[in-house]
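*Asks:* Could you have a look at this structure, given as structure tokens, before my questions?
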Amino acid sequence: MKKPKLSLTQIINMSVGFLGIQFGFALQNGNASRILQTFGADVEHLSLFWLAAPLTGMIVQPIIGHYSDKTWGRFGRRKPFFLTGAILAALALILMPNSSFMTGLMPAVLVGAGFLMFMDASFNIAMEPFRALVADNLSDEQNTTGFSVQTTLIGIGAVVGGILPMLLNKGFGISNESSNGNVQLNVVYSFYIGAAILFGAILWTVLTTKEYSPAERLEMGYEEETTEHEGLGNIVKDFMAMPKTMKQLGLVQFFSWIALFSMWVYSTPAIAHQVYGLALDDHSSKAYNDAGDFVSTLGGFYNGVSAVFALFMPIIATRFGKKMTHAISLTCGGLGLISIYFIHTPALLFFSMAGVGIAWASILAMPYALLAGSIPTKKMGVYMGIFNFFITFPQIVNGLFGGLVVKHIYGSNTIYAIVMAGVFMICGAFSVMLVKEDR
């Protein structure tokens, strides 16, 4: 018995929850730096506050992957983790923009950083099993389609999450100005809406998606699985025994994610100063908040491009191969980021972000499509979690040293961090051609 071929509707239902997660990520990526600056963070310290995200991901994802591999109960294998993460993430989205209510205990900027860590940990609890679920339920012939559909839904969620603050401000007249150290109202309401959509989307996947039981997987020819926990020490053993393809993809991921981290952390100040012509020390004026809303909208735009491009990736990958598809996509992203240095008209940034969107679609799908066939099926969850090391490690490196580089080498002008992000992404394009796929 082989894995049955799933319909497009079944594949979409399986990934709707990821739409909600990415809605939350879009709000975080587009607004977290602005929230922290509202609470008093200096631009060269932003990367340190953002360290909370990759650190929690590095810890949480392998553990969640390990235990979801070994879990089977009345609610399934991956579903309990989806639902737990959804509840926690929705709570974090509500609390982060309201961090100032705890200023009696500690400075609001530290409270905000704490909620950023809590929010990212919750996203990771919900997100990690989604990658494994696609690999669990789909055959090798359908896994590229599955990850591409997932990327499309990720893009849809991120588009709406990205444009929401500007939509609330321009369309409904909700203020985007901060007063008395409080977060802008349009951002606060966006986070509330995001909490509701994230929880509802994950609940949809939980209620509509079937998981194969250990007995069914045994009938399909997979090794007999146990639900007994072997202990977290086995994560180290699995890490040491990772497939060769995963090691080679690690370099590609390093270049890709060190670039993405810079883009998320520094886009708002870089575009405000380089494109809008604002002073380097301006991070609270009405013009700066207008720039911040526009950057969030750009995030929605590049995710929209990503969603559309993802529809064509299976066809392109069949024609040119997965590696070449990923290399071309990363090159488009790198050139898009570098081009921001030469732009002084905000509308032209949509062309830059189109390149980033192509790269983002590929980053979310192609490494996993390249990797899926080389992972032992009974270790799918833990290896998808371990693979996250290659996402979080470059972000940690950037978080530790990026602020120092911005301050002492770039003179606090963050546009140079964006240019270097483009260079790193092009390096990733070259390194993907060195990957050899194992089965």
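*Asks:* Could you list, in sequence order, the residues of region 1-47 that are surrounded by fewer than 18 Cβ atoms within 10 Å (Cβ to Cβ) and within 30 Å of N182 (Cβ to Cβ)?
*Replies:* G40, D42, E44, H45
*Asks:* Next up: Which residue, of S148, S100, S139, is of a type in the set (G, A, S), modelled with pLDDT under 80, under 20 Å from M14 (Cα atoms) and surrounded by fewer than 22 Cβ atoms within 10 Å (Cβ to Cβ)?
*Replies:* Just a single option satisfies the conditions, and that option is S139.
*Asks:* Being touching a Pro at 6+ places or on another chain (Cβ under 9 Å) and assigned to a helix (DSSP H, G or I) is the filter here; which residues of region 416-439 pass it?
*Replies:* If the condition is that a residue be touching a Pro at 6+ places or on another chain (Cβ under 9 Å) and assigned to a helix (DSSP H, G or I), then F424, V432 are the ones that fit.
*Asks:* Counting only residues that are at pLDDT below 85 and part of a helix (DSSP H, G or I), which one in region 282-291 is nearest to T38 (Cα to Cα)?
*Replies:* N289
*Asks:* Scan region 109-166 for residues that are of a type in the set (D, E, K, R) and in contact with a Ser or Thr (Cβ under 6 Å, 6 or more places away or on another chain) and report the count.
*Replies:* Qualifying residue count for the region: 1.
*Asks:* Only one of I258, I235, I202, I271 is assigned to a helix (DSSP H, G or I), touching a His at 6+ places or on another chain (Cβ under 8 Å) and either at pLDDT below 90 or among the hydrophobic types (A, V, I, L, M, F, W, C) (or both); which?
*Replies:* Checking each option against the conditions leaves just I235.
*Asks:* I'm checking my understanding of the structure. Among residues of region 179-191 that are polar (S, T, N, Q) and under 27 Å from the mean Cα position of the chain (by Cα), which one is nearest to N289 (Cα to Cα)?
*Replies:* So the residue we want is Q184.
The values are calculated or read from the model by the stated rules, or taken from the named source; none is laboratory data. Everything numeric in this text was worked out from a predicted model, so none of it was measured. As a convention, Cβ positions derive from the backbone with ideal geometry for all residues, glycine included, and neighbour counts pool all protein chains shown.
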